[in-house]
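Here, each number is a calculation from the coordinates, and none is a lab measurement. Just so we're clear, the structure is a prediction, and the values are computed from it rather than from any experiment. Cβ placement follows ideal geometry from the backbone for every residue including glycine, while neighbour counts extend to all protein chains displayed.
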Amino acid sequence: MKLQTRLLHLPKPDLPFNSLSGPIHRGTTITFDTVEEFSKRSKVYYDGYAYGLYAHPASKALCAAIAELEAGTRAVLTPSGMSALTLTNLSVLKTGDEMLLPCSAYGPARSEANAFLEPLGIRTVTYDPRQSIAPHLTSKTKLVWVESPGSFGMEIQDVPEIVAAAHAAGAEVASDGTWASPLGFRALDHGVDYAIQALSKHINGHSDVLMGSVAVKSENRYRRLRDCMRSLGLGVSPDDCFLTLRGLATLGARLKQQEETALVLAKWLAARPEVSAVLHPALPDDPGHAIWKRDFTSSGSLFSILLEPGPAENLAAFLEDMRVFRIGASWGGLHSLLAPADMQAMRGNSWTDTRPLVRLNAGLEDVADLLADLEEGLHRYKSGSRAAAE
Ligand SMILES: Cc1ncc(COP(=O)(O)O)c(C=O)c1O
């Protein structure tokens, strides 16, 4: 059976309630029939039900689906994408270790390195996402992060090459693969050890659940993640798992449509005089295009544009007066979004381009309405005029 079919026919718990939708069992306390089963409850921590925080039928169903989607054997769920990144760091790194992080990584992951990991004695070395990591590897490097493409700058990374260099130096590799979802890039198939998703984006896909996942192929890594989760008290709610499973069923259809719309917008924007450059790896002249074509099977919904220089008021007139697009950061949902980025503030010295950058998320609206909205917006950007009141 094809993946899309299996996503609609996930295994159900063995209950005499034969519905098409999945379970929501709320519960904290798990009860046991015998003293012996009760006293051994910690033994079922990794697989069974010991406490509502650790697992429930909906979280088990979602873990199994994510593991399969990522081509892994096991997956864990966390209360956000950000906590999936932190959990991975804490389950791998200890005092004295070094981590490599691309300067293009999701902003809060870079802040975490300085504000949280450094005081724990874990050093982060930042690297250029398009350069070899070899000069940065030392005997202390224990974890190398990839995020392809990078947040806002859309830099594609050569993941197999990075994996080979990291493994040769004895380091593990973690990938934040949220941009393409596992339908567009299966990190574990490219040799990565930890495949992270912010499920809050494409996989739930409706901008109403915060959740993250880490998928692995090794039982040891799974157990280390679970041990760390137990210490941190991390768990996810049955309702959120139910909603995420519901989102998962339509992931293929949504991604296909949103990818198509994003490409129409990107090509149209590339021909506009107000737009200086379009950062989208599926466009043939993008610097990451050849690697994207080799490794990816989707180009997702998210890309960026660099505008010709213009006053800040004109940018505000463009973005604030849109009819369909909304200004917002958390992408991958059904709605089209625009997010202006202060790249110097976000990336520091590693971003020297001063052209205004705006990131777009293509939603499920009719593409003709999105193009008309952008056309009017770019006119406002050029002229500084505001939209006429309705
Ligand atoms: C690439 C990427 N990774 C991780 C995250 C964090 O996910 P969450 O918002 O669920 O914490 C985000 C959020 O914007 C993201 O864009």
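Taking the Cα atoms of the stretch 8-56 alone, what are Rg (to one decimal) and Dmax (as a whole number) in Å?
13.1, 40
May I ask you to evaluate 6.51 cos²θ - 1.76 cosθ + 1.60, the Karplus curve with θ = phi - 60°, for each residue of the stretch 141-151 and list the ³J(HN,Hα) values in order in whole Hz, giving x for glycine and proline?
3J(HN,Hα) across the stretch 141-151, in whole Hz: 6, 10, 9, 10, 9, 10, 9, 10, x, x, 5.
Suppose R0 equals 25 Å; then what is the FRET efficiency for R326 and H289 from their Cβ-Cβ distance, rounded to the nearest 0.05? The partial results should precede the final answer.
Details: r = 29 Å, r/R0 = 1.17.
E(calc), rounded to 0.05, equals 0.30.
Rg to Rh for the stretch 92-242: what is it, with Cα atoms only and Rh by Kirkwood?
Dividing the radius of gyration by the Kirkwood radius yields 0.95.
In whole Hz, with x marking every Gly and Pro, tabulate ³J(HN,Hα) for the stretch 317-331 from phi via Karplus 6.51 cos²θ - 1.76 cosθ + 1.60, θ = phi - 60°.
5, 4, 7, 6, 9, 5, 8, 10, 4, 10, 7, x, 9, 6, 9
Taking neighbour counts of Cβ atoms within 10 Å as a proxy for exposure, in what order, fewest first, do V146, V44 appear?
Numbers: V146 26, V44 15.
Ranking V146, V44 by Cβ neighbours within 10 Å, fewest first, gives V44, V146.
Would you mind ranking E365, E313 so that the residue whose beta carbon has the fewest other beta carbons within 10 Å leads the list?
With the fewest neighbours first, E365, E313 line up as E313, E365.
What residues qualify as long-range amide H neighbours of I156, i.e. H under 5 Å apart, gap of 5 or more or another chain, H built at 1.01 Å from N?
G150, G288
Principal axes first, then extents: for the Cα atoms of the stretch 211-254, list largest minus smallest coordinate on each axis, whole Å, largest first.
Result for the stretch 211-254: principal-axis Cα extents of 35, 23, 11 Å.
Running Debye on the stretch 94-157 with equal point scatterers at the Cα sites and no solvent, what base-10 log of I(q)/I(0) appears at q = 0.29 Å⁻¹?
Calculated log10 I(q)/I(0) at the listed q: -1.25.
Need the full-extension length gain, A316 to F116, defined as separation in residues times 0.36 nm minus the C-alpha distance. One decimal, nm.
Extra length from A316 to F116 when fully extended: 68.6 nm.
Specify the angular offset, from 0 to 90 degrees and rounded to the nearest 10, of the alpha carbon long axis of helix 159-168 from the longest principal axis of the alpha carbons in the chain.
Roughly 50 degrees, rounded to the nearest 10.
Can you give the Rg and Dmax of the chain based on its C-alpha atoms, in angstrom?
Here Rg and the maximum Cα pair distance are 22.0, 77 Å.
Near the amide H of V125, under 5 Å away, which other amide H atoms are found, from residues 5 or more places off or on another chain, if H is placed in the peptide plane?
HN-HN under 5 Å from V125: M99, L100, L101.
Would you mind counting up the charge near S151? Only other residues with Cβ under 10 Å from its Cβ, with Lys and Arg at +1 and Asp and Glu at -1.
Local net charge: 0.
Can you give the relative contact order of the chain as a percent, counting alpha carbon pairs under 8 Å and 6+ residues apart? Walk me through the intermediate numbers first.
Values: 750 pairs, mean separation 61.9, N = 390.
So the answer I get is 16 percent.
Which three extents, in whole angstrom, do the alpha-carbon atoms of the stretch 231-390 cover along their principal axes, largest first?
Dimensions of the stretch 231-390 along the principal axes of its Cα atoms: 51, 42, 35 Å.
Please list, ordered by chain and number, the residues whose modelled amide H lies under 5 Å from the amide H of V146; skip anything fewer than 5 residues away on the same chain.
Those qualifying (amide H under 5 Å, at least 5 residues apart or on another chain) are A174, S175, D176.
Work out from phi, with θ = phi - 60° and the Karplus expression 6.51 cos²θ - 1.76 cosθ + 1.60, the ³J(HN,Hα) of each residue of the stretch 12-18, listed in order in whole Hz, and give x for Gly and Pro.
Along the stretch 12-18, the couplings run 10, x, 7, 10, x, 9, 8 Hz.
Can you pull the one-decimal nm distance between simple spin-label points at E308 and D369, each 7 Å off the Cα toward Cβ?
Roughly 3.0 nm, to one decimal.
Compute, for the stretch 254-332, the length of the dipole vector about the Cα centre, with Cβ point charges of +1 (Lys, Arg) and -1 (Asp, Glu) only. Units Debye, rounded to 20.
Computed about the Cα centre, the dipole is about 380 debye.
Work through the residues other than G363 whose Cβ is under 15 Å from its Cβ and net out their charges, Lys, Arg +1 and Asp, Glu -1.
It works out to a net charge of -1.
In a shell of Cβ-Cβ distance under 11 Å around G205, excluding G205 itself, what net charge do Lys and Arg (+1) and Asp and Glu (-1) give?
Numbers: positive: K201, R246, R254; negative: D208.
Once all neighbours under 11 Å are counted, the net charge is +2.
Based solely on C-alpha atoms, express the radius of gyration and the Dmax of the stretch 160-301 in angstrom.
17.6, 54
Can you list the trypsin sites (Lys or Arg not before Pro) in the stretch 41-113 that are in a DSSP coil and have 14 or fewer other beta carbons within 10 angstrom?
K94
Test of understanding: ordering I30, I66, I291, I203 by Cβ neighbours within 10 Å, fewest first, what list do you get?
I30, I291, I66, I203
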